[in-house]
Ligand SMILES: C[S@@+](CC[C@H](N)C(=O)[O-])C[C@H]1O[C@@H](n2cnc3c(N)ncnc32)[C@H](O)[C@@H]1O
């Protein structure tokens, strides 16, 4: 059995009995004998997920794995938990933000989303009449890059009031949507009834409670659409949740605002692209209070708005560490809403405030800026089909996402 030195990244899976201490730093799931696990549990990460295994086999099921000596001091374990073997942070620089504090931010966001639903369903931006006539709200790039969904089970995380989810249903998928807004879920169910999609399921749950809300279910496809990740504080846990919902061979697809775009100053009058906002994931959110949502409509009462950015490397690495195999990451020069006031649209039909976001319309930077900054990205990743046990496996070769 191969053990690395204290804090060293172990590049391969291994098997055998062992009574040493293990530490799992955010990405690996450990299966082992219960005695070992208790020992490991004492020493290691708050978020570790240990699974009892009846055999004398210790197996790292996923991702980066760190080994520590049995006489690891607790202080060392805590220090190690804060960083990887090179001493760099594994993710959030400010990981010590109190979960209760986050609850406050999530509650404010949820109130805002609840209130937004009623505005969105009647907005020009979401174009309900068009949807009721049979149009799909998805962007052509999503439909093309996702590929054929007919007959597949599809989970849409953060589905809002279900327009995109039900567009996938119109393309033949058997859909489940999940959102933490009760108003959004009610509206999604109503919309499904209204258009006669009888086999759609909509579930109210926070993203981080999704495993419990959809206990044991796995899907052919997990999909996430525009404007979803900025509401989540921990991208690594998000990636583990995504991976856990995929059947072996299943596909994850996301079409999202680029973190480089989120980092730009959106208030400038001089039309310069200037970074003033965090690009990397921080434990603490940025506060962007606002009286309006991103589509046309009246003022909101719930103006609180808390967002987290996640660097593209953080997102991709989190998915790989969760056991997915990346197929592509495309960075786009178009964006689905008027993210900066001087952006131009070639296909939006309204102007001014009413044009900020319209289904399937895109905006871009003026010609002289168009090659300077990516505005959106799309990413497709697979959950590999085979499980390799006790073989050499580095990041990206581990083939057993958590469930
Ligand atoms: C911009 S919408 C994304 C859906 C889709 N792109 C659309 O425009 O209709 C973002 C959704 O994320 C949901 N959301 C935000 N934070 C969440 C959380 N922690 N758990 C689950 N859903 C969340 C909101 O309720 C909202 O419906």
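The values are calculated or read from the model by the stated rules, or taken from the named source; none is laboratory data. Note that the structure is predicted; figures quoted are calculated from it, not measured. Note: ideal-geometry Cβ built from the backbone for every residue, glycine included; neighbour counts use all protein chains shown.
Structure notes:
- Qualifying residue in the range 340-354 (condition: at pLDDT 95 or above, assigned by TED's automatic domain parsing to the domain that holds residue 141 and in a helix (DSSP H, G or I)): no
Quick grid of which residues meet (1) closer than 22 Å to residue 382 by Cβ; (2) part of a loop (DSSP other than H, G, I, E, B):
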residue	(1), (2)
112	no, no
117	no, no
123	no, yes
134	no, yes
138	yes, yes
141	yes, no
144	yes, no
151	yes, yes
156	yes, no
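- Test: residue in the range 147-155 that is at pLDDT 95 or above, surrounded by 20 or more Cβ atoms within 10 Å (Cβ to Cβ) and within 12 Å of the ligand (Cβ to nearest atom): no
- Of the helices (runs of 4 or more DSSP H) contained entirely in the range 179-268, those carrying at least 2 residues that are without any contact (Cβ under 8 Å) to a residue 40 or more places away in the chain fall at 182-195, 210-213.
- Selection within the range 169-192 - closer than 23 Å to residue 230 by Cα and either crowded, with 18+ Cβ neighbours inside 10 Å or outside the structural domain of residue 335 (by TED's automatic domain parsing) (or both): 176, 177, 178, 179, 180, 181, 183, 184, 185, 187, 188
- Scanning the range 297-307 for residues that are within 14 Å of the ligand (Cβ to nearest atom) and part of a loop (DSSP other than H, G, I, E, B) gives 297, 300, 302, 304, 305.
- Flag if residue 280 is over 30 Å from residue 119 (Cα atoms) and either within 15 Å of the ligand (Cβ to nearest atom) or touching a residue at least 12 places away in the same chain (Cβ under 8 Å) (or both): yes
- Residue that is farthest from residue 182 (Cα to Cα), among those in the range 131-142 that are away from the ligand (no atom under 14 Å from the Cβ) and surrounded by 11 or more Cβ atoms within 10 Å (Cβ to Cβ): 135
- One residue from 379, 372 being more than 21 Å from residue 292 (Cα to Cα), buried (at least 22 other Cβ atoms within 10 Å of the Cβ) and at pLDDT 80 or above: 379
- For the range 227-254, the set of residues classified as on the phi > 0 side of the Ramachandran plot and within 16 Å of the ligand (Cβ to nearest atom) consists of 227 only.
- The listed residues are 104, 124, and the only one of them that is over 21 Å from the mean Cα position of the chain (by Cα) and more than 9 Å from the ligand (Cβ to nearest atom) turns out to be 124.
- For the range 203-222, the set of residues classified as under 29 Å from residue 277 (Cβ atoms) and near the ligand (Cβ under 10 Å from one of its atoms) consists of 205, 206, 207, 208, 209, 210, listed by residue number.
- Matching entry among 173, 192, 200 (being over 27 Å from residue 337 (Cα atoms) and more than 13 Å from the ligand (Cβ to nearest atom)): 200
- Residues that are surrounded by fewer than 17 Cβ atoms within 10 Å (Cβ to Cβ), modelled with pLDDT of 95 or more and under 14 Å from the mean Cα position of the chain (by Cα) are absent from the range 320-338.
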